[in-house]
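Rule-based calculations on the coordinates, nothing more; no lab input. In this text the structure is predicted, and so the values were computed from the model without any measurement. Positions of Cβ are generated from backbone atoms using ideal geometry, with glycine treated the same way; all protein chains shown enter the neighbour counts.
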Amino acid sequence: MFIRRTFFRWQFPAVIVLPLWLLIGSSIFGTGGWAVLGIFFGAVLLGLGLLAVSGLVYARREVREERALSWLDVGVLGVWHLLIITLGFSENSSGWLSVLVVVVGIGAFWYAVWALFDAARKRVRAMVDLIEKTAAGAGAFVPPMQGARVPPRPDRVNPAPPPFGRAVDPEVIVIREKPNDQS
């Protein structure tokens with residue numbers, strides 16, 4: 001859990017620190033002046049990419065609630081950040097390592113989009129299941145999902161039994177127009 005929380009805290013400072021490291025590292029480890037200028041523009045784009053991926057990861061509800069990334073998030077971001085750090089140490093920043101950083105960055109972006117939609121799909125599926133259980137219970141009270149802030153309605157806690165001789169059909173939902181309408 002420590003590693004997952006550390007990556008949670010690191011992802012937004014990394015937006016500034018890693019592109020800055022590219023500029024400093026490439027200057028120190030022997031890149032020429034024009035290459036540093038090219039790295040500057042690449043670092044700006046890298047910073048925007050890091051910000052986009054961090055924002056998509058942070059947009060997931062479970063990440064915000066736990067204040068920790070998933071292990072898959074840690075793996076994807078860890079590989080990408082490690083490649084960026086390694087790129088700062090390389091003498092020729094326009095080689096295969098730069099291409100690998102871009103490819104892994106694109107993969108990290110699409111992974112973050114997929115994870116966000118997958119988390120949203122699971123929450124919507126849980127809500128649909130709750131609605132179906134409530135409808136199948138013919139008005140019986142079903143507690144809301146965990147984290148929902150909907151107070152229970154007192155008129156739904158102990159529903160009245162159906163009148164004698166009439167079976168309750170779980171496929172039919174009756175909506176009364178008037179509150180005192182008993183038919």
* **Potential lengthening between residue 2 and residue 133 on full extension [0.36 nm per residue; Cα-Cα distance subtracted]** => 43.4 nm
* **Whole-angstrom Cα spans of the stretch 1-63 along principal axes, big to small** => 45, 21, 9
* Please give the per residue volume of the convex hull enclosing the alpha carbon atoms of the stretch 2-130, rounded to a whole number of Å³. => 89
* Asked: For labels at residue 97 and residue 114 in the simple 7 Å Cα→Cβ model, what's the distance in nm?
  -> 2.8
